[in-house]
Amino acid sequence: MKSISPVTLLLLAPSVVMALLDPKIKAKGKMYFGSCADPNTLADENLQTILKTELASRESFNFINADQLVDFATRNGKLVRGHTSICNFQLPSWVSDIADAVTLTTKGKIYAWDVVNEIFNEDGSFRRSVFYNLLGENFVDTAFRDARDADPSAKLYINDYGLDGPDTGLDVAITELDIRIAKPITSALLTSQHNDYSTIIEACLNITKCVGITTWGVSDKDSWVDHTFPGYNSPLLWDDNLAPEAAYTGVDTVLN
Ligand SMILES: *[C@@H]1O[C@H](CO)[C@@H](O)[C@H](O)[C@H]1NC(C)=O
């Protein structure tokens with residue numbers, strides 16, 4: 001899922017309609033509990049029901065589907081959060097993405113943009129990318145200025161991992177959460193995963209500047225883990241049959 005789509009868009013449920021995790025985290029002062037999904041996920045009625053009722057939903061679409069997404073969001077009373085993975089792109093397609101972003105933002109549907117994606121190495125130095133090689137560190141400034149020009153009011157984010165720290169003073173959003181388990185899956189491993197999910201939710205609740213959480217998928221059957229880490233499974237809150245798992249209970253318990 002991560003590398004297929006030029007853009008993922010996060011839909012935020014603004015109102016409480018049968019929803020569970022999302023309104024519970026809102027009651028704790030956060031903005032959303034969401035999940036990503038791809039167009040296939042949206043085509044699955046049962047998954048769509050979970051997205052509409054349990055979660056704020058984060059949809060992966062390329063810009064060919066952007067208007068379709070905005071229509072879906074409008075019909076379901078949701079806000080949209082955009083995620084642009086510029087490091088996976090050629091520059092021209094990124095520029096055209098921004099042009100599309102203008103179209104989207106004029107509809108007033110974008111809550112926030114992830115402007116740059118995974119630009120740092122684990123040690124904090126810049127990853128060597130076409131952007132960095134050609135433009136140096138300034139590519140980040142350029143990306144943020146262009147995003148701000150395209151959308152004067154959206155929140156602009158750096159999306160990255162392994163750089164966690166609560167004291168930056170900036171808003172933090174947990175954007176691609178999953179916890180994979182090495183096969184064979186045992187109840188001890190599920191319990192440990194339950195505890196790890198609980199810790200993450202609790203950590204976000206503890207940090208005032210943590211605005212929300214999105215998991216990287218709804219059910220295990222659609223997770224990228226299946227394709228990317230064949231020795232692992234069960235990374236998400238719902239299993240292959242869309243039954244809530246121990247991880248779901250972990251999240252729910254903390255939110256209660
Ligand atoms: C959250 O805060 C509580 C109260 O200060 C603390 O006991 C707990 O360890 C914190 N949890 C995390 C994951 O930071």
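Computed from the coordinates by the stated procedures, all read-outs in this text should not be read as laboratory data. As the structure is a prediction and not an experimental result, all values here were calculated from the model. As a convention, Cβ positions derive from the backbone with ideal geometry for all residues, glycine included, and neighbour counts pool all protein chains shown.
Apply the a/c threshold of 1.5 to the C-alpha gyration tensor of the stretch 104-256 and tell me whether it is rounded, prolate or oblate. Because a/c hits 1.5 or more and a/b exceeds b/c, the stretch 104-256 counts as prolate. For Tyr32, the amide hydrogen comes within under 5 Å of the amide hydrogens of Ile213, counting only partners 5 or more places away or on other chains and with H modelled in the peptide plane. Take the Cβ atoms of Lys183 and Thr208, set R0 to 30 Å, and the FRET efficiency comes out at 0.20. Here the Karplus curve 6.51 cos²θ - 1.76 cosθ + 1.60, taken at θ = phi - 60°, turns the phi angles of the stretch 245-251 into couplings of 9, 3, 4, 4, 4, x, 5 Hz, with x standing for Gly and Pro. Annotation: amide H-H contacts under 5 Å for Tyr232 (H modelled 1.01 Å from N, sequence separation of 5 or more, or interchain): Lys183. Residue pairs exceeding 30 angstrom between C-alpha atoms, taken from Lys155/Lys221; Lys26/Lys155; Lys28/Lys155; Lys155/Lys183: Lys155/Lys221; Lys155/Lys183.
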